[in-house]
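To start, the structure itself, in structure tokens.
The values are calculated or read from the model by the stated rules, or taken from the named source; none is laboratory data. Everything numeric here is computed off the predicted structure, so don't read it as measured data. For neighbour counting, all protein chains shown are included, and Cβ atoms are generated from backbone atoms with ideal geometry for every residue, glycine included. Please note that ligands, DNA and RNA were not included when accessible areas were found on the heavy atoms of the full protein model with its side chains. Shrake-Rupley method; radii C 1.70, N 1.55, O 1.52, S 1.80 Å.
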Protein chains: 2
Amino acid sequence: MDLSLYVIIDRRMMNGRSPIRVAREAIAGGATAIQLREKEMESRDLCHLASSLKKVARKKKALFIVNDRIDIAQAVDADGVHLGQEDFPIEIARKLLGRNKIIGATVRNLSQALKAQREGADYVSLGPIFSTKTKKDLPPPRGLKTIAQIKEKIRLPLIAIGGINRDNVASVIRAGADGVAAASAVVGAKNIRKTTGELLRQIKEVKRLKRRN
Amino acid sequence: MDLSLYVIIDRRMMNGRSPIRVAREAIAGGATAIQLREKEMESRDLCHLASSLKKVARKKKALFIVNDRIDIAQAVDADGVHLGQEDFPIEIARKLLGRNKIIGATVRNLSQALKAQREGADYVSLGPIFSTKTKKDLPPPRGLKTIAQIKEKIRLPLIAIGGINRDNVASVIRAGADGVAAASAVVGAKNIRKTTGELLRQIKEVKRLKRRN
């Protein structure tokens, strides 16, 4: 399960470009996982979109994760679901999806991270690390220190999210994150493939240096 | 499977009353099935609400159906799902829910009814029979004749929906419907229990007379 660069496919930040085109560019640039985050679309259309995105991801052996909607994930046989704090409880998702699917959880602090681990999540996504305009009603930025503090106490892979871009991505991996999730920084970029490639290059470089030490 | 009086629990028409209280009153009045129709709520809250509504229904052996959300239906072990034309395809729902769950489909005409039957639906809901303000973007009212025309060509139970109230419910059953679905006429009523009881009384009376002839 390579979560090094996890790109969130969210229509609201794509400047009108098609989700499939955006996903294709992100995958071509090296995204190791994509997540479909879509709360507005009717189920029938969402099913079609998810099915197309899964094909795009599978071609390059990237993971395909669906935000919140367990039924959509099941319908297209996605690799798993990602659950926010207001989405399904982890136990229910596990019961419906079985042991072979990936379940990720958004966490804001150590206690939520420990709870997600206890409840059977496969990875946690911690954020917002930096300030971001992508989502409203978010708590204040957690900062880089929280990454190390939480990473020390859990055994699950931790990905960092929120305001991560080419200027700070190296610091996030250095702080201990196993990967980063990006939404607007990638899917809102002018050149998606190039931006993804640049982020991935930095992530790999820091990981390489960490392994050496 | 008794679909004689199928009440749609839709928050938008309840004048601020709680869905659980509304459902309890409808069930006390004799509703034989309730459907949770809710497109706005976060999954976690929706899960809790569905779980409570299922308990309310089960106490009186009424059916509990979830609109569109297969995952919510599975999470609370509902009796089935109801699918509009923009919701999941019937085949996908059947694959995920198995043979023992009820799948209902909204249909607007004979060809959609035949398609739903072919794809494995357990009942169809035809509408709008009369004009209604409950939903926007609906096609023109189908009228009573369509009920008989479709009923003649399909073997599935047919329930009628759209603008049905105490003044026209008898005519709908007389025209051939196996039951009626009501949203605002019941959940928007001042006295929900009394309104449900009155509708059910008329439905039973017409069914009784039909059996005699």
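Please report the accessible area of residue A:2 (heavy atoms, 1.4 Å probe, ligands and nucleic acids excluded) in Å², nearest 10.
Only protein atoms counted, so the area is about 80 Å².
Between copies, how close do the residue B:118 label points come, placed 7 Å along Cα→Cβ, listed in nm from shortest?
5.3
Using a 1.4 Å probe on the protein heavy atoms only, what accessible surface does residue A:167 show? Give it in Å² to the nearest 10.
Roll a 1.4 Å probe over it and residue A:167 shows about 140 Å².
Which trypsin sites (Lys or Arg not before Pro) in segment A:121-213 pass both tests, a DSSP loop state and at most 10 other beta-carbon atoms within 10 Å?
Values: sites: A:133, A:135, A:136, A:142, A:145, A:151, A:153, A:155, A:166, A:174, A:190, A:193, A:194, A:201, A:204, A:207, A:208, A:210, A:211, A:212; in loops: A:133, A:135, A:136, A:142, A:155, A:166, A:190.
Hits after loop and neighbour filter: A:133, A:136, A:155, A:190.
If you average over every viewing direction, what projected area does the convex hull of the Cα atoms of segment B:5-212 give, in nm²?
Working: hull surface 42.9 nm².
Mean orientational projected area (segment B:5-212, Cα hull): 10.7 nm².
What nm distances, shortest first, do you get from the label point of residue B:201 to those in the other copies when the point sits 7 angstrom along Cα to Cβ?
Its label point is 7.9 nm from the equivalent points in the other copies.
With loop defined by DSSP as not H, G, I, E or B, and exposure as at most 13 other Cβ atoms within 10 Å, which is the longest segment of chain A clear of exposed GluC sites (Glu not before Pro)?
Numbers: sites that count: A:40, A:86.
Answer from the scan: A:87-213.
Taking 25 Å as the cut-off for C-alpha to C-alpha distance, list the pairs among B:59/B:194; B:55/B:194; A:59/A:204; A:59/A:133; A:95/B:55 that go past it.
Values: B:59/B:194 19 Å; B:55/B:194 21 Å; A:59/A:204 21 Å; A:59/A:133 32 Å; A:95/B:55 20 Å.
The pairs that break the limit, which is 25 Å between Cα atoms, are A:59/A:133.
If each Cα of segment B:39-160 is one equal point scatterer, what is log10 of I(q)/I(0) from the Debye formula at q = 0.13, 0.19, 0.22, 0.23 Å⁻¹?
-0.56, -1.08, -1.25, -1.29
Show log10 I(q)/I(0) for the protein assembly as shown at q = 0.07, 0.14 Å⁻¹, two decimals, from a solvent-free Debye sum over equal Cα scatterers.
Log10 of I(q)/I(0), two decimals: -0.41, -1.15.
Averaged over all directions, how much area does the convex hull of the C-alpha atoms of segment B:97-213 cover when projected, in nm²? Can you show the working numbers first?
Values: hull surface 32.8 nm².
Mean orientational projected area (segment B:97-213, Cα hull): 8.2 nm².
At residue A:1, label 7 Å along Cα→Cβ: distances to the other copies, nm, ascending?
3.8
What is the Å³ per residue value for the convex hull set by the Cα atoms of segment A:65-110? Numbers along the way, then the final one.
Numbers: hull volume 3.2 nm³, N = 46.
It comes to 69 Å³ per residue, whole-number rounded.
Could you give log10 I(q)/I(0) at q = 0.14, 0.15, 0.25, 0.30 Å⁻¹ for segment B:104-162, computed by the Debye formula over C-alpha point scatterers of equal weight, without solvent?
Ignoring solvent entirely, the Cα scatterers give -0.33, -0.38, -0.97, -1.27.
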